1. With charges only on Cβ, +1 for K and R and -1 for D and E, what is the dipole size of the protein assembly as shown about its Cα centre, in debye, rounded to 20?
2. What residue among B:E23, B:E43, B:E67 has the largest mean-square fluctuation in a Gaussian network model of chain B, using Cα springs under 10 Å?
3. List the chymotrypsin sites (Phe, Trp or Tyr not before Pro) within segment E:1-75 that DSSP assigns to loop and that have no more than 13 neighbouring Cβ atoms inside 10 Å.
4. In nm, what does the list of distances from E:D204 to its counterparts in the other copies look like, shortest first, when each label sits 7 Å along Cα to Cβ?
5. Would you mind finding the longest exposed-site-free stretch of chain D, with exposed GluC sites (Glu not before Pro) meaning DSSP loop and at most 16 other Cβ atoms within 10 Å?
6. For segment D:206-246, which chymotrypsin sites (Phe, Trp or Tyr not before Pro) pass both filters: DSSP loop (anything but H, G, I, E, B) and at most 16 other C-beta atoms within 10 Å?
7. Any idea which of D:F132, D:M52, D:L28 is furthest toward the positive side of the dipole for chain D, if Lys and Arg beta-carbons carry +1 and Asp and Glu beta-carbons -1?
8. May I ask you to evaluate 6.51 cos²θ - 1.76 cosθ + 1.60, the Karplus curve with θ = phi - 60°, for each residue of segment E:229-245 and list the ³J(HN,Hα) values in order in whole Hz, giving x for glycine and proline?
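Each reported figure results from applying straightforward, stated rules to the coordinates on display, with no laboratory input. Small disclaimer: the values here were computed from a predicted structure and weren't measured. Ideal geometry is used to build each Cβ from the backbone, glycine not excepted, and the neighbour counts take in all protein chains shown.
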Amino acid sequence: MEFHKIKKLTIVTETAILDNVLEIATNLGAKSYTLDRVSGKGESGGRFGYDISGILNSVRINIIASEETVKKIATEIVEKYFENYAGIVYLQDVEVIRIQSNKFGVSE
Amino acid sequence: MEFHKIKKLTIVTETAILDNVLEIATNLGAKSYTLDRVSGKGESGGRFGYDISGILNSVRINIIASEETVKKIATEIVEKYFENYAGIVYLQDVEVIRIQSNKFGVSE
Amino acid sequence: MEFHKIKKLTIVTETAILDNVLEIATNLGAKSYTLDRVSGKGESGGRFGYDISGILNSVRINIIASEETVKKIATEIVEKYFENYAGIVYLQDVEVIRIQSNKFGVSE
Amino acid sequence: MELLLDFLARFLAQLQAPVLAFLLAGMLISAVNSKFRMPEAIYQFCVFMLLMRIGLKGGMAIRDGNIMEMLLPAVFCVILGIGIVFLGYITIARMPGIKKDDALATTGLFGAVSGSTLAVGMMTLENEAIFFEGWVPALYPFMDIPALITAIILANLYLAKQKKDNVKVEIMPIIKDCLRGMALTILVIGVLLGLLTKPERVYDTFFNPLFRGFLAVLMLTSGMEAYRRLKELKGVGHWYVGYAFLGPLTHGMLGFGLGYIAHVLVGLSPGGVIMLAIIAASNSDISGPPTVRAGIPSANPSVYHGTSTGLGTVIVIALYVPLFLALGEMVFGL
Amino acid sequence: MELLLDFLARFLAQLQAPVLAFLLAGMLISAVNSKFRMPEAIYQFCVFMLLMRIGLKGGMAIRDGNIMEMLLPAVFCVILGIGIVFLGYITIARMPGIKKDDALATTGLFGAVSGSTLAVGMMTLENEAIFFEGWVPALYPFMDIPALITAIILANLYLAKQKKDNVKVEIMPIIKDCLRGMALTILVIGVLLGLLTKPERVYDTFFNPLFRGFLAVLMLTSGMEAYRRLKELKGVGHWYVGYAFLGPLTHGMLGFGLGYIAHVLVGLSPGGVIMLAIIAASNSDISGPPTVRAGIPSANPSVYHGTSTGLGTVIVIALYVPLFLALGEMVFGL
Amino acid sequence: MELLLDFLARFLAQLQAPVLAFLLAGMLISAVNSKFRMPEAIYQFCVFMLLMRIGLKGGMAIRDGNIMEMLLPAVFCVILGIGIVFLGYITIARMPGIKKDDALATTGLFGAVSGSTLAVGMMTLENEAIFFEGWVPALYPFMDIPALITAIILANLYLAKQKKDNVKVEIMPIIKDCLRGMALTILVIGVLLGLLTKPERVYDTFFNPLFRGFLAVLMLTSGMEAYRRLKELKGVGHWYVGYAFLGPLTHGMLGFGLGYIAHVLVGLSPGGVIMLAIIAASNSDISGPPTVRAGIPSANPSVYHGTSTGLGTVIVIALYVPLFLALGEMVFGL
Ligand SMILES: Nc1ncnc2c1ncn2[C@@H]1O[C@H](COP(=O)(O)O)[C@@H](O)[C@H]1O
Ligand SMILES: Nc1ncnc2c1ncn2[C@@H]1O[C@H](COP(=O)(O)O)[C@@H](O)[C@H]1O
Ligand SMILES: Nc1ncnc2c1ncn2[C@@H]1O[C@H](COP(=O)(O)O)[C@@H](O)[C@H]1O
Ligand code: NA
Ligand code: NA
Ligand code: NA
């Protein structure tokens, strides 16, 4: 079992644009992602999701992929949405266990 | 679009002291944070949040900020609360996309 | 207050095998963990947890421990379960604040 | 003078009515910063119960009714939905210091409809034993969707002109987005079930008897939320406060007027006229905001969400539901 | 011919029955890609309400009944549970291109029982005012557990043979796993409460009157889910589609036949016979899948989950509940 | 002897009462390690339904009642809340091996009140058709808040003395914290709604008829939780087990005694006396623990949470509700 260095992209943003973000990510080559709902506070004020309309719901998206892929995704999303929508985008190093499949598009 | 190296602080602790922790963080300069509810087990036993009173609820707080800020926050919280309350505190490196605003208090 | 370099293991997998994964982790020396429920998509398709039976629920497990411990856990779980069950496993560096207790089994 | 006294008497009576009391109680809960939160699953279920009840009843009424009767009121709803937005465009949107996209987003929500205000109106009429056609509340989408579409189109045309861009706003995706939202999905499904099947028993044993209770729970929750949204409004201009008071009054009057025409022309009942006024006066608090957020991204949600959910809903329920009830009772001598 | 007409008449009538209509409405909600989701807490509570009602009623019926009467039907349930799986093993599992473990997992679910289909059957019989012994639905576990155990054992024996391994499948952990699952826990606790205490008042004021409504809500949710699972089935062989149609028909017929024997031998009521047919026809959608996922890890959940929850439940509720009702009415001249 | 037989008869009868049965059933669910969990939203809604019902009823009773009548019982509640904590301070807190802060935290919870035990008491009295003033259960906060404040102050004084620190415990923040907690917020809002508005219809169609059912659901959940907390108690001293048995008995007796005085002096009804005994006997399981966690950080939550939620609630519902009922029936010859 090998551990392979790769990147994890995290996007915290409004649930309103989740579908759009996932579409961009998919188009730029991310085949997998993990989601969870979060609360938080930032420049746009508190986002605690108490409202019936869901305007104040936030979602966190994690995508583990090659540095190239995640940087493209991050850049595109920030440029397209972060003027109008709340959120933050960051990258981290991770070591993924590699198994038979070539899930992460890393060349051998 | 630039990626800027900075720190992510994670605090997992009892929901009972969430407000206090956020107050300390705010006072020490963190303007933004992300929250989610978690379960877990540790030295203080299982914390699965099943109880009606909420005593066994845990919360996870993420704060992305400069190393200096997060270290101050981490130290203060551990000193003040972690003798009596359950929890763990850790730091990680992240690269944040920087946009127009100077969200993270990093000098240019 | 010192910050101590150590590893964080993340396992995202089917809720169906959560108990088994935790048992392995405990047996291999992890005394503490944090859990949360997540959604996601991967090679096995969408896992959004909408189903009444819970077959499509995913869970995320975080274990902070020594590199040796988390690598053993990661390897064992991937070998034992990841042929048949959906999931991903990865490691990250963290700096944990060390307090009085020797929570993380790190020799001084 | 007597009119005023009558209105005041009704208003005080309505204030004793638990529906409004639960709304105010909810505001109090937020005001004292209580840790109590209504679980999200519960208030979503409240919304489900109310809208399904409105839809089922509406569908059954359509099934048993005369489709021709409904045509004119439906057309009036479309006119109201579009008209309210244009009205806002030439009033609030022209005020000094007001961003046009913020104003259009707000006015779109005030043209659209609130399921919970609708439910309050129904309960109020039922309490007073005033008959209304069951299908009137089900006209909801005929006002809601046109209002949101108009607001989004006007805002995008305006923004495009600013940037000297060409713009092409597509209507179909907005309609789909509205219908796919929680509120309209439930309402439309309810109407279909009422229209095509015989849900009388489940209606009589479940959706109808629990209506009053779940409305109380939703009012409490709406009150808690209204108070929190009010705080968002702090930074926002006082023009929006004025709009939240005067907009619904005007819209309700227009609704009452068109309803009266329908009363004369196609025999819409007095209760139906009052109901139409309440629908027109109401402002969207559940499914409108996300549609607007997606359709007018540059508009500041604190403004429209705050004005509509924080102020509008409370004002309509507290002031205008009793007002249009009193008006109807006088006009029709009920 | 008349039989066919009668069946068609009943089928059309049933299609107007809100239970099926809510199921289809749920499918429509998913089909139009609505954003509406029933909160998880709510549908879990629906399941709780239905199974607790079935259990309480069952327990009270056992308390007031004759234990000897129940013995034969209970034994028949065990036989059906095991028999259905073996039947699948020599039919669907032998079809070309079918993975044996997938087939066994599927057949295990079709041998097991669906609490919601059970509830639909009860409501249907009650609507038609056909008496059935209250303990019949509580026989659920006697078919459910043996079916799941048999499927898991057969699959593991087969896989071990493939790998030339020795295998020892332990039965007790599977039984425990079944009983510890949500559905059986609630049912068994309900039976115990009905049997050992006097829950009549809470039954009459809460669990019974709300039954119809919560069943409607659960049907809507099940429909939404069925549609989503249907999509998973795309890649899967057409054999499973055939199985979802023919399996429940056969199983229900076997159930009807054994029920008839119990009618003759120990006086099981006509309604009880119909109920047994419905239990046999039904397929597990709540607690079966996780047990199978744990017991036959190599089986592809899209196959069995899709076939059972996506197709089976809808088919049984839409086609076979009315069919066995019609059959029972004819056979017993009701 | 006859008394004992009477008590035993009542106790066995009560054990058949579904309220206790649901509690024990919940414990069984946890004991067999079932995967079934009551969704958090549901049990929070149960708590909401019960406390809102208690509050509304209380408010309506106060509205229709004589405020002077309530004064003495309210004062007695304050005395009981404070007295129970002092009693604990000079008994359990002095036992060998007992940490004073743990003991004070525990005794604070036993001085405070459990909404669900209250509801059980009300249901029991209503089942026996014993009248009690609707405002008695609404006295809840008058015992709850003083008990928690006293415990927190005594603990902090003690800890400060240990550390030779000066300490100043502020009372207002604790009162606020209590009132801002879920339980008291709902209760007080309910009282206000009952007092100032006319919620009769929503009370009669929703909160009252569903009371019995939601209490059953909450009991099941409380049982599941009690069992889990029991496990926490393992490491904890046997003194706490003794306290959980003897404390509520003593507190209930004191409550009964003061209630009797109120009966003589201001005509508190026999049912009201029994109710007061039950309130005094009950121990906090919902909103007390977080207040104590914040107010006495060094106290070990396993101790007080385990003793109160794991043991206390079950003991009071199983033993002392029937005991004080029997006592009341004998003393007042009901
Ligand atoms: N520095 C940060 N640390 C942690 N979370 C953040 C940070 N900045 C933004 N977020 C998250 O992103 C959401 C939107 O941020 P904003 O656009 O600044 O309002 C917040 O509600 C937080 O959940
Ligand atoms: N080593 C660890 N890895 C992951 N999570 C931890 C760890 N230690 C503590 N936690 C989290 O922090 C909570 C409280 O920890 P403790 O104070 O050790 O009981 C646990 O319930 C976990 O959620
Ligand atoms: N590359 C990835 N990035 C983020 N999450 C992933 C990734 N791969 C898998 N996952 C998570 O693991 C679950 C199962 O993955 P899979 O086995 O590929 O279907 C998915 O539903 C995701 O939640
Ligand atoms: Na409107
Ligand atoms: Na079956
Ligand atoms: Na007490």
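1. Working: 108 positive and 105 negative charges, 444 e Å.
With Lys and Arg at +1 and Asp and Glu at -1, about 2140 debye.
2. Largest GNM mean-square fluctuation: B:E43.
3. Numbers: sites: E:F7, E:F11, E:F22, E:F36, E:Y43, E:F45, E:F48; in loops: E:F36.
Those that pass, being in a loop and sparsely packed, number zero.
4. Computed spacing set for this position: 2.1, 2.1 nm.
5. On the way: sites that count: D:E128, D:E170.
Here the longest run is D:171-334.
6. Working: sites: D:F206, D:F207, D:F211, D:F214, D:Y227, D:W239, D:Y240, D:Y243, D:F245; in loops: none.
Counting only loop positions with at most 16 other Cβ atoms within 10 Å, none of the chymotrypsin sites (Phe, Trp or Tyr not before Pro) in segment D:206-246 qualifies.
7. With unit charges placed on the Cβ atoms, the residue in question is D:L28.
8. Coupling constants for segment E:229-245: 5, 3, 4, 4, 6, 2, x, 7, x, 5, 4, 5, 5, x, 4, 5, 7 Hz.
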